[in-house]
1. Helices (runs of 4 or more DSSP H) wholly in segment 68-131 with at least 1 residues that are surrounded by 14 or more Cβ atoms within 10 Å (Cβ to Cβ), touching a helix residue (DSSP H, G or I) at 6+ places or on another chain (Cβ under 9 Å) and modelled with pLDDT under 90 - which ones?
2. Any residue at all in segment 79-100 that is farther than 23 Å from Arg12 by Cα and in contact with a Pro (Cβ under 7 Å, 6 or more places away or on another chain)?
3. Within segment 67-100, can you find the residues that are in contact with a Lys or Arg (Cβ under 9 Å, 6 or more places away or on another chain) and either among the charged types (D, E, K, R) or closer than 19 Å to Glu20 by Cα (or both)?
4. Of everything in segment 40-89, what is in contact (Cβ under 8 Å) with a residue 40 or more places away in the chain, over 30 Å from Lys111 (Cβ atoms) and in contact with a Phe, Trp or Tyr (Cβ under 6 Å, 6 or more places away or on another chain)? Give them in sequence order.
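The values are calculated or read from the model by the stated rules, or taken from the named source; none is laboratory data. Worth saying up front: this structure is predicted, and the values here are computed from it rather than measured. In this analysis, Cβ positions are derived from the backbone assuming ideal geometry, glycine residues included, and neighbour counts consider all displayed protein chains.
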Amino acid sequence: MSNIQVYHDLLRSEEEFVAELRTCVDNYVRLLDDINVPPEIVANKEKLALNVTELYNFHANVMLKGLNYYSDDPGKVGQTFVRLERDFDHHVQFFKDLPATIELLEQQPYKSFFQVCIAVFPQHVLLSSAE
């Protein structure tokens, strides 16, 4: 496989990941801001939303742009990863916090709340990016 093909595969997968994160932010994180969300759910918004918005902002506004910057010279795309090395700490934090969030989602009232949301809005798979 050529460097150009690898670059295009990487770019395409990053674009898909950004789209999935965007869906998660639009349909899950923003749901927690709705005025009809019960106070006990809102009280744990930070735990429930994790840092998905930060991940989205990083990948959409920094990583994807960094990859696009090297479209004329795909052989240098590795520089994007080196330059942004510290920014990948967002992923470390996400996976560090994820088990506690999953545990919370298995408890009431969170479990019932999100089951209702999925039943009402079946076209949105709220946690697809985390699975």
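1. Result: 78-83, 110-120.
2. no
3. Once the filter is applied, which keeps residues that are in contact with a Lys or Arg (Cβ under 9 Å, 6 or more places away or on another chain) and either among the charged types (D, E, K, R) or closer than 19 Å to Glu20 by Cα (or both), segment 67-100 yields only Asp97.
4. Hits for segment 40-89 are Pro74, Val77.
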